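Trainee: Submitted below is the structure of interest, expressed as structure tokens.
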Amino acid sequence: MKFNVSTAFIAVLAACASSVFAQSVDWNSADSQACAQKNWAAIKQQVDVTIAKNWEFLPSFIKDVVKQSGALNADNTLVSNPTGAQLVVLATSFPSGIFNPYANDIVQQCLTATP
């Protein structure tokens, strides 16, 4: 399959557009962070794929912030056990179509399931 930059660009735009309608998560909330950590394997599985597809298109300042936070491994995949501070960096640094649509959905489900 030949990689087409315009196709990748359209995919990033579509992901960003769909995230506009997603519910927002307060990533500074201890409850949100606990839900993310509890469900991290599912979040990581989805976000790692999205990072891999879009890494070369991200501005260097975003890559630098996320790497400096320690939230990424050397191969640009998410760490296995993020801290609350790292979750905040991921949620606020990546364009919304990369981290938030997946993480927000999973965390919102967890928060609404918690009594």
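Trainee: List, please: which pairs have Cβ atoms under 6 Å, are six or more places apart or on different chains, and start with a residue in region 99-115 that is open to solvent by less than 60 Å² (accessible area, probe 1.4 Å) and in a helix (DSSP H, G or I) and end with one that is modelled with pLDDT of 95 or more and β-branched (Val, Ile, Thr)?
Mentor: Note: pairs meeting the criteria are ALA103/ILE43; ILE106/ILE43.
Trainee: Which pairs turn up if I take residues in region 75-97 that are touching a residue at least 60 places away in the same chain (Cβ under 8 Å) and look for partners that are part of a loop (DSSP other than H, G, I, E, B) and open to solvent by 40 Å² or more (accessible area, probe 1.4 Å) with beta carbon separation below 9 Å, at least 6 apart in sequence or on another chain?
Mentor: Pairs found: VAL88/ASN28; SER96/VAL20.
Trainee: Still on this structure: Can you name the condition, by its number, that SER96 falls short on among (1) within 20 Å of ASP26 (Cα to Cα); (2) part of a helix (DSSP H, G or I); (3) not aromatic (Phe, Trp, Tyr)?
Mentor: In the conditions (1) within 20 Å of ASP26 (Cα to Cα); (2) part of a helix (DSSP H, G or I); (3) not aromatic (Phe, Trp, Tyr), SER96 misses (2) alone.
Trainee: Could I ask something else about it? Counting only residues that are over 18 Å from THR92 (Cβ atoms), touching a residue at least 12 places away in the same chain (Cβ under 8 Å) and not aromatic (Phe, Trp, Tyr), how many does region 45-62 have?
Mentor: The total comes to 4.
Trainee: From the set of residues in region 53-89 that are over 20 Å from ALA36 (Cβ atoms) and of a type in the set (A, V, I, L, M, F, W, C), which is surrounded by the most Cβ atoms within 10 Å (Cβ to Cβ)?
Mentor: For region 53-89, the residue satisfying everything is LEU58.
Trainee: Tell me, please, whether a residue that is at pLDDT 95 or above and in contact with a strand residue (DSSP E or B) (Cβ under 9 Å, 6 or more places away or on another chain) can be found in region 7-29.
Mentor: no
Trainee: Something else: Pick from region 30-48 the residues that are closer than 12 Å to GLN108 by Cα and either at pLDDT below 95 or among the small types (Gly, Ala, Ser) (or both): which of them is surrounded by the most Cβ atoms within 10 Å (Cβ to Cβ)?
Mentor: ALA36
Trainee: Taking the conditions exactly as written (modelled with pLDDT of 55 or more, over 23 Å from ASP105 (Cα atoms) and under 14 Å from the mean Cα position of the chain (by Cα)), does LYS67 satisfy them or not?
Mentor: Yes, satisfied.
The values are calculated or read from the model by the stated rules, or taken from the named source; none is laboratory data. Please read all numbers here as calculations on a predicted model, not as lab measurements. Virtual Cβ from ideal backbone geometry, glycine too; neighbours counted across all protein chains shown. Heavy atoms of the whole protein, side chains included, go into the accessibility calculation; ligands, DNA and RNA do not. Shrake-Rupley method; radii C 1.70, N 1.55, O 1.52, S 1.80 Å.
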